[in-house]
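Trainee: Before we start, here is the structure in question, set down as structure tokens.
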Amino acid sequence: MRRLLLSSTVVATILLTACSGSEPEDATGEGATPVGSPSTATVEEGGFPRGGGATALLVDVRVAGHDGFDRVVPEFDEETPPSYRVGYIEPPVREDFSGNEVDLEGNAFLEVRASPAAGFDPLSE
């Protein structure tokens, strides 16, 4: 089982999404374009970590399994997407801010970080 760790540099948010052999939901992402060539190297875009500007709120994550790869499409509410870094990390995996260890199964962990971004709006209910 593969796991994806998505954590915001602004808010202590961890979202674990398991990709399995079950029927995936569509993750084509209207208007989404692939970034770069397939690789296991860490990728940074948008001047990560970019400070200032509006904080993009994560509103959806779509996941789909394909032949030879899995697709994960995070959707943010801002027109300008946040900067990001994607790369494999070594355990132990820790939560933002608290530093608490996260108990995960598996042997490969992909960390996706976005900035400025948040997984919830602290001003709403």
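Trainee: Can you name every residue in region 108-125 that is loosely packed, with under 15 Cβ neighbours inside 10 Å and over 18 Å from THR42 (Cβ atoms)?
Mentor: Answer for region 108-125, where residues must be loosely packed, with under 15 Cβ neighbours inside 10 Å and over 18 Å from THR42 (Cβ atoms): PHE120, ASP121, PRO122, LEU123, SER124, GLU125.
Trainee: Collect the residues in region 41-81 that are assigned to a strand (DSSP E or B) and over 18 Å from PRO116 (Cα atoms), keeping them in residue-number order.
Mentor: Across region 41-81, the qualifying residues are ARG62, VAL63, ALA64, GLY65, HIS66, PHE69, ASP70, ARG71, VAL72.
Trainee: Given the structure, is THR33 under 19 Å from PRO116 (Cα atoms) and modelled with pLDDT under 90?
Mentor: When the stated conditions are applied, THR33 does not pass them.
Trainee: Out of all the residues in region 82-94, is one or more modelled with pLDDT under 90 and either in a loop (DSSP other than H, G, I, E, B) or closer than 19 Å to GLY119 by Cα (or both)?
Mentor: no
Trainee: Continuing with the same structure: Taking only pairs six or more apart or across chains, which ones have beta-carbon atoms under 6 Å, a first residue in region 100-125 that is free of Cβ contacts under 8 Å to residues at least 40 places away in the same chain, and a second residue that is in a loop (DSSP other than H, G, I, E, B) and surrounded by 11 or more Cβ atoms within 10 Å (Cβ to Cβ)?
Mentor: GLU101/PRO92
Trainee: Only residues in region 77-88 that are surrounded by 14 or more Cβ atoms within 10 Å (Cβ to Cβ) count as the first member; pair them with residues that are of a type in the set (D, E, K, R) and part of a strand (DSSP E or B), Cβ under 7 angstrom, at least 6 apart or cross-chain, and list the lot.
Mentor: If the second residue must be of a type in the set (D, E, K, R) and part of a strand (DSSP E or B), the pairs left are SER83/GLU45; TYR84/GLU45; TYR84/ARG113; ARG85/GLU44; ARG85/ARG113; GLY87/GLU111.
Trainee: Output the residues belonging to region 47-72 that are surrounded by fewer than 16 Cβ atoms within 10 Å (Cβ to Cβ) and either farther than 22 Å from ASP121 by Cα or of a type outside the set (Asp, Glu) (or both).
Mentor: Answer for region 47-72, where residues must be surrounded by fewer than 16 Cβ atoms within 10 Å (Cβ to Cβ) and either farther than 22 Å from ASP121 by Cα or of a type outside the set (Asp, Glu) (or both): GLY47, GLY51, GLY52, GLY53, ALA54, VAL59, HIS66, ASP67, GLY68, PHE69.
The values are calculated or read from the model by the stated rules, or taken from the named source; none is laboratory data. From a predicted model like this one, the values you see are computed outputs, not experimental measurements. Using ideal geometry, Cβ is built from the backbone for each residue, glycine included, and neighbour counts are taken over all protein chains shown.
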